[in-house]
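Enquirer: I have a structure I would like to understand better, so I am pasting it below and will then ask my questions one at a time.
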């Protein structure tokens with residue numbers, strides 16, 4: 001079974017392609033991550049919620065409400081807001097981690 005990833009936010013670094021190349025099943029959230037758009041992307045059965053836009057950090061609690069077991073990973077240059085830090089499992093900076101390293105970290109486990 002492949003790793004199921006729901007990706008919300010811009011993908012300027014092409015992390016979705018790296019995850020796909022590593023064998024992950026990547027689903028994109030269309031527009032802002034709301035309960036409805038997260039559900040449409042399959043958050044209920046996702047293994048990882050990957051957020052690239054910290055302006056949308058409130059989506060972390062929405063994702064956790066829909067799937068308490070989902071692993072929350074942020075991949076952004078902006079800092080994670082204080083209110084969301086306790087729910088994030090891993091914060092990665094694109095300046096330090098290439099998309100290939102992110103895929104290796106998430107899929108290779």
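Bear in mind that the values in this text are calculations on the coordinates, not laboratory data. What you are looking at is a predicted structure, and each value in this text was computed from that prediction instead of being measured.
Enquirer: Can you give the Rg/Rh ratio of the range 1-41, where Rg is from the C-alpha atoms and Rh is the Kirkwood radius?
Expert: 0.98
Enquirer: So for the range 21-60, considering every pair of alpha-carbon atoms, how many percent are separated by more than 16 Å? Write down the numbers at each step before the final one.
Expert: Values: 242 of 780 pairs.
When all Cα pairs of the range 21-60 are counted, 31 percent exceed 16 Å.
Enquirer: Between the range 2-43 and the range 50-100, what is the separation of their alpha carbon centroids in Å?
Expert: Between the Cα centre of the range 2-43 and that of the range 50-100, the gap is 12 Å.
Enquirer: Please check: in the Gaussian network model of the chain (C-alpha springs, under 10 Å), which one of 50, 92, 19 has the largest mean-square fluctuation.
Expert: The residue that fluctuates most here is 92.
Enquirer: Also, quick follow-up: What residue among 20, 12, 78 shows peak mean-square fluctuation when the chain is described by a Gaussian network model with Cα springs under 10 Å?
Expert: Maximum among the listed residues: 12.
Enquirer: Quick one: if you take sqrt(5λ) for each eigenvalue of the C-alpha gyration tensor of the chain, what semi-axes come out, biggest first, whole angstrom?
Expert: 18, 16, 12
Enquirer: Please find, in a Gaussian network model of the chain (springs between Cα atoms separated by less than 10 Å), the residue of 22, 86, 57 whose mean-square fluctuation is greatest.
Expert: 86
Enquirer: To continue, here is another question. Expressed as a rounded percentage, what relative contact order does the chain have, with Cα pairs under 8 Å and six or more residues apart?
Expert: 28 percent
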